[in-house]
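The values are calculated or read from the model by the stated rules, or taken from the named source; none is laboratory data. Note that the coordinates shown come from a computational prediction; the quantities given were computed from them, not determined experimentally. Neighbour counts run over all protein chains shown; Cβ positions are idealised from the backbone, glycine included.
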Amino acid sequence: MDDIREHYKNTTLRVLGKFQLLEFALKIYIGLAYKAVKARVTGVVHFDYTENDLDDLPLGRLLGLFRKLNANEELVKRMQRLQTERNQIAHRSLLITMGPLFDRGLVEDKHIEYSILEDEVTECIQSVNQESRQLKASVQSAA
């Protein structure tokens, strides 16, 4: 197989894996927030949301929930821009490597683009993890 195709496919799969990790990080944060809310409203309002409710949610829904539970608008906007890229990669990225659709120049361009995107997703994962640590610390100090 053509070397550029193999590099492109590997990069594409890594980026998709990073998006899975981003979804996982969002689920952790939202689950922590649900626990904090439940602890505060128990006995006042019935609140039965848990991290289990997040299991099958796609990135877009997770971002919507995160946005309601976190005030870091810059991070939210950053991740919303990534969502469009993620959908494009998930649904169409490998088509340009196949048969008559193969376009070496496009594959090379996308390979570079996805490598940069991978770094952006990694930074967002780190930011969400930092937000989770801050939330956990806030909840522990308030207890």
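Just so you know, in region 1-55 the residues that are free of Cβ contacts under 8 Å to residues at least 24 places away in the same chain and buried (at least 16 other Cβ atoms within 10 Å of the Cβ) include one that is nearest to Gln126 (Cα to Cα), and it is Gly31. Exactly one residue among Ser132, Ser115 is among the hydroxyl-bearing types (Ser, Thr, Tyr), within 18 Å of the chain's Cα centre (by Cα) and closer than 17 Å to Val15 by Cβ, and that residue is Ser115.
Restricting attention to region 64-93, the residues being surrounded by fewer than 16 Cβ atoms within 10 Å (Cβ to Cβ), touching a helix residue (DSSP H, G or I) at 6+ places or on another chain (Cβ under 9 Å) and within 23 Å of Asn10 (Cβ to Cβ) number 2.
Can Arg5 be described as touching a Phe, Trp or Tyr at 6+ places or on another chain (Cβ under 8 Å) and of a type in the set (Lys, Arg)? So Arg5 fits the description; yes. Note on region 118-130: among residues that are in contact with a helix residue (DSSP H, G or I) (Cβ under 6 Å, 6 or more places away or on another chain) and either of a type outside the set (Ser, Thr, Tyr) or modelled with pLDDT under 90 (or both), the one that is nearest to Ala71 (Cα to Cα) is Val128. Counting residues in region 128-136 that are in contact (Cβ under 8 Å) with a residue 40 or more places away in the chain, surrounded by fewer than 17 Cβ atoms within 10 Å (Cβ to Cβ) and over 30 Å from Glu6 (Cβ atoms) gives one or more. Every condition in (1) under 21 Å from Asn129 (Cα atoms); (2) buried (at least 16 other Cβ atoms within 10 Å of the Cβ) is met by Arg61 except one, and the failing one is (2).
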